[in-house]
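Read through the structure below, which is laid out as structure tokens, and then see the notes.
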Amino acid sequence: MASSVIAALFFTAFDLHEIALQQGLILVSACYCGWLVVGLWRCAPNAAPFWRDLTRLLSVAWVLNAALVLSFLQFDLLVYYLRM
């Protein structure tokens, strides 16, 4: 739910060309993702071995995906800043 709200706010800020808000939402999204993945990682040892390993594997994939998405969004903002 929170991810959807952050994404909706980001798309609205993108549509309205609110660069500072976009920058802040990228930071909020990175913090939220980090908090969520750390929570999943710490809870994984309590699960059965199959689910523990699957949770950790998907957590790593999630972090890599989030890092790429947020990096490209940040790069897009950097290009916008340089064109100003």
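We did not get these values from a lab; they are worked out from the coordinates using the rules stated. Fair warning: this is a prediction, and the values are worked out from it, not measured in the lab. For neighbour counting, all protein chains shown are included, and Cβ atoms are generated from backbone atoms with ideal geometry for every residue, glycine included.
A few comments on the model shown:
- Kyte-Doolittle at least -1.0, axis length at least 30 Å by Cα - qualifying DSSP helices, the chain: 19-43, 49-83
- Remark: spin-label model distance residue 4-residue 19 equals 3.2 nm, labels positioned 7 Å along the Cα→Cβ axis.
- In the set [x] 1.38; [y] 1.32; [z] 2.01, the label that goes with Cα Rg over 2.2 N^0.38 Å computed for this structure is [y].
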